[in-house]
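Only one structure is covered here, and it is reproduced in the block below.
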């Protein structure tokens, strides 16, 4: 990561809003639950509200799932 930890806050496309993480994670997981070779188990407790760019954070959650799928499925996940 380039720059300081707060450099994301200075980007013009960064749109932080009050965000319910439980809602955001649930919606993000719903985006990838029908992807082949992805089996989700939702087990997380109450998560805090945070100030975040919902679109960027949702992409991070979805990418974590897809990266885990690719790491565990190898070539199978590509086809």
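The values are calculated or read from the model by the stated rules, or taken from the named source; none is laboratory data. Not measured: the values here are computed from a predicted model. Heads up, the Cβs are rebuilt from the backbone with ideal geometry, glycines too, and the neighbour counts pull from every protein chain shown.
Out of all the residues in the range 5-29, which are modelled with pLDDT of 90 or more and loosely packed, with under 12 Cβ neighbours inside 10 Å? Break it down stepwise before answering.
So in the range 5-29, the residues modelled with pLDDT of 90 or more come out as 16-29.
Residues satisfying the conditions are 17, 18.
Residues in the range 25-48 that are assigned to a loop (DSSP other than H, G, I, E, B) and farther than 12 Å from residue 69 by Cβ: 34, 41, 42, 43, 44, 45, 46, 47, 48.
If residue 51 satisfies all but one of (1) surrounded by 10 or more Cβ atoms within 10 Å (Cβ to Cβ); (2) modelled with pLDDT of 85 or more; (3) out of contact with any helix residue (DSSP H, G or I) (no Cβ under 8 Å at 6 or more places or on another chain), what's the number of the condition it fails? Every listed condition holds for residue 51 apart from (1).
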